Amino acid sequence: RLVALFEDEADVVVRDCIPVDDENLVVFVIKAGQMSDAIGPGGRTVKRIERKLGRTVKLVEGADRADAFVANAFAPAAVYNVTISENDDTIAYVEVAEEDRGVAIGTGGTNIDVVRTLARRHFDIDGVELT
C-alpha cells in the first residue's frame, strides 16, 4: 500500500519500502536516476506524501553496485569510502566523517539498522560496520 501510494504520487519506481514504526518513519528505495522526481520541486512531492502518511519519509537512491548503494543509504551522512569484504561473510565497511557518526547510526541505532536491512535485501550483505 505504501509503495503504491508513493509511486502514484511521485510517478517514480519504488524498489523497496521499510516502515520503522518506533520512529514514525518510512524508508523508500527509489530507482536510480529518479531521486529528483521523488523529491519534487522544492521538496513538494515528498512533503505531500509525508502529510498523507502522517509519517516522516526518508529516500534512498538505488544503485547497481553494493558500495554505491550502501553509501546512498547513509545519506545525509558524509561517506568517504565503502569497502566490501567477501571472506566468510560479506561485510560492508563504511568510512564516515567523524562529525556524521551520530547521523549514520541514528537514534537508538535506527539508521544503521535500516541500512543493514536494505544491504541484506538488495546485495546479500551480511553486515555493515562503520570505521
Just to be sure I understand the filter: pairs with C-beta atoms under 9 Å, separated by 6 or more residues or on different chains, first member in region 118-131 and in contact (Cβ under 8 Å) with a residue 60 or more places away in the chain, second member crowded, with 17+ Cβ neighbours inside 10 Å and part of a strand (DSSP E or B). Which pairs pass?
L118/I18; L118/V27; L118/V29; L118/V60; R121/I18; R121/V29; H122/R15; H122/V29
Among the candidates V94, V13, V82, V115, residue that is farther than 13 Å from V128 by Cα and under 17 Å from the mean Cα position of the chain (by Cα):
V13
Residue that is least open to solvent (accessible area, probe 1.4 Å), among those in region 91-121 that are acidic (D, E) and assigned to a helix (DSSP H, G or I)
D100
Any hit, region 122-129, residues being within 13 Å of the chain's Cα centre (by Cα), within 26 Å of V3 (Cα to Cα) and open to solvent by 20 Å² or more (accessible area, probe 1.4 Å)
yes
Determine whether R15 is assigned to a helix (DSSP H, G or I) and open to solvent by 40 Å² or more (accessible area, probe 1.4 Å).
no
Can you say whether V29 is touching a Leu at 6+ places or on another chain (Cβ under 7 Å) and buried (at least 18 other Cβ atoms within 10 Å of the Cβ), as far as the supplied structure shows?
yes
A careful count of residues in region 54-66 that are surrounded by 12 or more Cβ atoms within 10 Å (Cβ to Cβ) and in contact with a Phe, Trp or Tyr (Cβ under 9 Å, 6 or more places away or on another chain) gives 8
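The values are calculated or read from the model by the stated rules, or taken from the named source; none is laboratory data. None of the values given here were measured: they were computed from a predicted structure. Cβ coordinates were reconstructed from backbone atoms using ideal geometry, including for glycine residues, and neighbour counts include every protein chain displayed. Please note that ligands, DNA and RNA were not included when accessible areas were found on the heavy atoms of the full protein model with its side chains. Shrake-Rupley method; radii C 1.70, N 1.55, O 1.52, S 1.80 Å.
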